[in-house]
Amino acid sequence: MPAWRLADRTLDLEAPGTVVGAGIVNVTVDSMYEGARSGTAEQAITDGIALVERGFEMVDVGAVAARSGPPVAAADEVERLIPAIAGLAGRTDAAVSADTFVPEVATAAVAAGAVAVNDIGGGSDAMLEAVAGSGCGYVLMHIEGPPRVDRPAPRYDDVVDRLKGFFAERIERAVALGVAEESIAIDPGLDFDLTVAADVEILHRLDELHSLGRPLYVSLSRKDFIGALLAGSWAERLPAAERGNGTIAAAALAASKGAQVHRLHDFEALDAVRVAARVAAAGAGR
């Protein structure tokens, strides 16, 4: 399995069964899961340290909810995000990543101590140039349009083939703009421009994305498709607070398919990921 190079370290993902937990911290009051709304930088630092103490090797910090909504000024995002990034980077040895799709915010976050940028924007040229200039790690997520904008999910003849093509093109562009390929991890973007059926198909065939040669960063914790699967329909999907057990099952499945980095809210889900990855690795060695 490929390593993932961050700004100040390289995560060795080669050993079978190796997984990295990225704990979710939101300096927000409107994120989709009420249990992950830190609200202030001080609370975000406390919450992030608690995740590290429970075994998370990374902390992913965001200050703008991924859900649809009006634009947030970059200055406002910086004001909320940077104190939390700096505080966590100064008080823990865990890798701190910035969850942002705004290039100037990403640059400020790396200057404050973030070692990676988790970009739900799909890799715009401006973001790729910012990442190249900062030399940090980078999470490239599949999305078919601008973040925080509602639109019907596209239909694909083969959704996994679509993801392969998307990632291959954006990785090539990233490298052309100066991003080190070793610094890129890929996120299939579950719930973003995908139907529930497409999310399920991606999870079922997640191991096919290893052909791209980059670490798989999976962010599925408490997402809508899990609520829909548990309820039996999208219209009646369970709220985020009731998706914990479903998250454990989906995260374990992702680990069994070889996903190396798991962005999660809960340490129980991280435990499930570790057990599933180690069992899968033992089976692969026979």
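Taking the conditions exactly as written (under 30 Å from Arg278 (Cβ atoms) and touching an Asp or Glu at 6+ places or on another chain (Cβ under 8 Å)), does Ala22 satisfy them or not? Against the criterion (under 30 Å from Arg278 (Cβ atoms) and touching an Asp or Glu at 6+ places or on another chain (Cβ under 8 Å)), Ala22 qualifies.
Between Pro71, Pro16, which is farther than 30 Å from Ala284 by Cα and either of a type in the set (S, T, N, Q) or at pLDDT below 95 (or both)?
Values: Pro16 fails: farther than 30 Å from Ala284 by Cα.
Exactly one residue qualifies, and that residue is Pro71.
Could you tell me whether the stretch 206-214 includes any residue that is touching an Asp or Glu at 6+ places or on another chain (Cβ under 9 Å), surrounded by fewer than 19 Cβ atoms within 10 Å (Cβ to Cβ) and not in a helix (DSSP H, G or I)? Yes. Ile226 satisfies every condition listed in (1) surrounded by 16 or more Cβ atoms within 10 Å (Cβ to Cβ); (2) of a type outside the set (Phe, Trp, Tyr); (3) touching a residue at least 40 places away in the same chain (Cβ under 8 Å) except (3). Residues in the stretch 37-87 that are basic (Lys, Arg) and either in contact with a helix residue (DSSP H, G or I) (Cβ under 6 Å, 6 or more places away or on another chain) or in contact (Cβ under 8 Å) with a residue 12 or more places away in the chain (or both): Arg54, Arg67, Arg80.
Looking for whichever is over 17 Å from Asp60 (Cβ atoms) and either surrounded by 17 or more Cβ atoms within 10 Å (Cβ to Cβ) or touching a strand residue (DSSP E or B) at 6+ places or on another chain (Cβ under 8 Å) (or both) here; the options are Ala153, Ala174, Ala185. Which one fits?
Details: Ala153 fails: either surrounded by 17 or more Cβ atoms within 10 Å (Cβ to Cβ) or touching a strand residue (DSSP E or B) at 6+ places or on another chain (Cβ under 8 Å) (or both); Ala185 fails: over 17 Å from Asp60 (Cβ atoms).
Criteria check complete, one pass: Ala174.
Given the criteria buried (at least 22 other Cβ atoms within 10 Å of the Cβ), part of a helix (DSSP H, G or I) and within 16 Å of the chain's Cα centre (by Cα), does Gly123 qualify? Against the criterion (buried (at least 22 other Cβ atoms within 10 Å of the Cβ), part of a helix (DSSP H, G or I) and within 16 Å of the chain's Cα centre (by Cα)), Gly123 does not qualify.
The values are calculated or read from the model by the stated rules, or taken from the named source; none is laboratory data. Just so it is clear, the model here is predicted, and its values are computed rather than measured. Please note: Cβ atoms are built from the backbone with ideal geometry, for glycine as well, and neighbour counts cover all protein chains shown.
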